[in-house]
1. Just give me the residues in segment 284-298 being farther than 23 Å from GLU428 by Cβ and either open to solvent by 50 Å² or more (accessible area, probe 1.4 Å) or outside any strand (DSSP E or B) (or both), in sequence order.
2. Residue by residue through segment 244-283, note down the ones that are among the polar types (S, T, N, Q) and either within 16 Å of the ligand (Cβ to nearest atom) or open to solvent by less than 40 Å² (accessible area, probe 1.4 Å) (or both).
3. Would segment 199-209 turn up any residue that is of a type in the set (Val, Ile, Thr), within 15 Å of the ligand (Cβ to nearest atom), in contact (Cβ under 8 Å) with a residue 40 or more places away in the chain and under 30 Å from LEU275 (Cα atoms)?
4. Hey, does segment 179-189 have a residue that's within 12 Å of the ligand (Cβ to nearest atom), under 30 Å from GLU277 (Cβ atoms), surrounded by 14 or more Cβ atoms within 10 Å (Cβ to Cβ) and free of Cβ contacts under 8 Å to residues at least 60 places away in the same chain?
5. Filter segment 487-502 down to the residues that are part of a helix (DSSP H, G or I) and surrounded by fewer than 20 Cβ atoms within 10 Å (Cβ to Cβ) and list them by number.
6. Across segment 345-359, which residue is surrounded by the most Cβ atoms within 10 Å (Cβ to Cβ) among those that are without any contact (Cβ under 8 Å) to a residue 24 or more places away in the chain and among the aliphatic types (A, V, I, L, M)?
7. Could you grab me the full set of residues in segment 244-292 that are touching a Leu at 6+ places or on another chain (Cβ under 7 Å) and β-branched (Val, Ile, Thr)?
8. Out of ALA241, ALA230, ALA214, ALA221, report the one residue that is within 18 Å of GLY14 (Cα to Cα), surrounded by fewer than 21 Cβ atoms within 10 Å (Cβ to Cβ) and either of a type outside the set (S, T, N, Q) or within 31 Å of the chain's Cα centre (by Cα) (or both).
Amino acid sequence: MSARAGIVYLVGAGPGDPGLMTARSLALIAAADAVFYDRLIPPGALAGAREDAELVYVGKQPGVPSVAQEEIGARLVEAAQAGRSVVRLKGGDPFVFGRGGEEGEALRAAGVEFEVVPGVTAGVAASAYAGIPVTHRDDASAVAFVTGHEDPEKPETALDWDALARFPGTLVFYMGVKRLDENAAALVAGGRDPEEPAAAIERGTWPGQRTVLATLGTLAAAVEREAIKAPALIVVGAVAARRRELAWFERRPLHGRRVVVTRARAQASGLAATLRELGAEVVELPAIRIEPRIDTDEVKKAAAAIGVYELVCLTSPNGVRLLFEAIVAAGLDARALAGATVAAIGPGTARALAERGVLADVVPERFVAEALVEALADVDVKGARVLVARAAEARDVLPDALRERGAEVDVVALYETVREEPTPDAVEAAQSADYVTFTSSSTVRNLTDALGERFPSAAHIVSIGPVTSEAVREAGLAVNVEAERHDIDGLVAALITDATRT
Ligand code: SAH
């Protein structure tokens, strides 16, 4: 899709969960020349923007001087009149307490064309994620969206609290935390039952979502006690109590847990996505980076002569990727492996091979070098030419064992794992982590070196297997959980078991 030049799109970004952004919002963000965005947009909302797009923050933050509303309008007009396609990205829905109406009026007044892209509004989404249906056949046939933040000095917009109290249905208050006490009192004074169920939902649809359920009469005290802060939504109505049955988001196994992922950025996404799907808030703190070393003489030589090896052993998906790059650079392809027995250390490595048209002959059940040695027990390697293609800093268990059995082993280093310096933001976010996951000994060493005193010592440490656990202990830390299966799924399973226990 393309965005039209000279047009401003007033786009809703939804309440925070990136998965609730509409297809049209993502398409417009990807196409726009400029995006003017607010504070409360989902993480990664702008990830799909064009590299040359202008991204302008125009959000309002409590207590911080911000861009005035008139100025936002003026800048949108200016950008559109310069012939650009402009996305104005707002939290939730642009026309629900989003001042989208005012911006549309300013654009129309200046003769600038605009379109509106509705978003999932917090009143519906945060309620749904808290297990509260805003309408229900038995409880509520109507729902009202109300601002809880009316300026009492502004009589012309004053809410009719008596009328609201009589409203026959659910009341959903936006911006309602600060004046909750007064607003609840006004509803009760207007005749609303103080025993009516009421809930407050903080950061609805975000990984840290919290909900308190009380009654209209007790909610303000409960909110104070639990220190519920904006952005939060207040729901008043019998439907709020349905949450006792219908809550689901906060029941996911890792909800409310902050988990540090230390894998190299290129590998982290699968694990991070799985953890997020289980409810965790993921902090990506890559400790290592893969530096390819495929232009060394030893790798070039091995790749050019790949056909002579009777057994080729691969110990990681990165190894597979880089060996194939080296093979291609040598002017060969997968057929060069036709005569060889191919061994993969685990299913991830086997998958990487399969993607390149090679089905591994040997894959051990446990994914450590010792297990690969065992799995190769039936392969006659006496006098055979063997290639072990792996990382520079790997252990020598495999080549040593094969040599002992009479093989002629060439070991080539396809890549080096080097330390990645963590960003200050990620280090800060990691301080309150509940878990730190380690998927290799190099991640342990590099992260503990990089963080030093700032390692989150209260977090539980989850290790993928015995070799990684040993590195954790060598770093002076304790392993809380070790995966039974030494792969990513095994690591996640171990983490869930621990989280449900504690
Ligand atoms: N246009 C937005 C609302 C903006 S007003 C929408 O349609 O959702 C800002 C208020 O919205 C906040 O004070 C809070 O009451 C509510 N809000 C926004 N995001 C929220 C979230 N993730 N959880 C709970 N309330 C939220």
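1. GLU291, PRO292, ARG293, ILE294, ASP295, THR296, ASP297, GLU298
2. THR262
3. Yes, because at least one residue in segment 199-209 is of a type in the set (Val, Ile, Thr), within 15 Å of the ligand (Cβ to nearest atom), in contact (Cβ under 8 Å) with a residue 40 or more places away in the chain and under 30 Å from LEU275 (Cα atoms).
4. Looking through segment 179-189, none of the residues is within 12 Å of the ligand (Cβ to nearest atom), under 30 Å from GLU277 (Cβ atoms), surrounded by 14 or more Cβ atoms within 10 Å (Cβ to Cβ) and free of Cβ contacts under 8 Å to residues at least 60 places away in the same chain.
5. Matches in segment 487-502: ASP489, GLY490, ALA493, ILE496, THR497, ASP498, THR500, ARG501.
6. ALA350
7. VAL259, VAL260, VAL261, THR262, VAL282, listed by residue number.
8. Checking each option against the conditions leaves just ALA230.
The values are calculated or read from the model by the stated rules, or taken from the named source; none is laboratory data. Because the structure is predicted, anything quoted here is derived from the model rather than measured. Cβ atoms come from the backbone with ideal geometry, glycine included; neighbour counts cover every protein chain shown. Quick note on the areas: whole protein, heavy atoms, side chains included, nothing else; ligands and nucleic acids left out. Shrake-Rupley method; radii C 1.70, N 1.55, O 1.52, S 1.80 Å.
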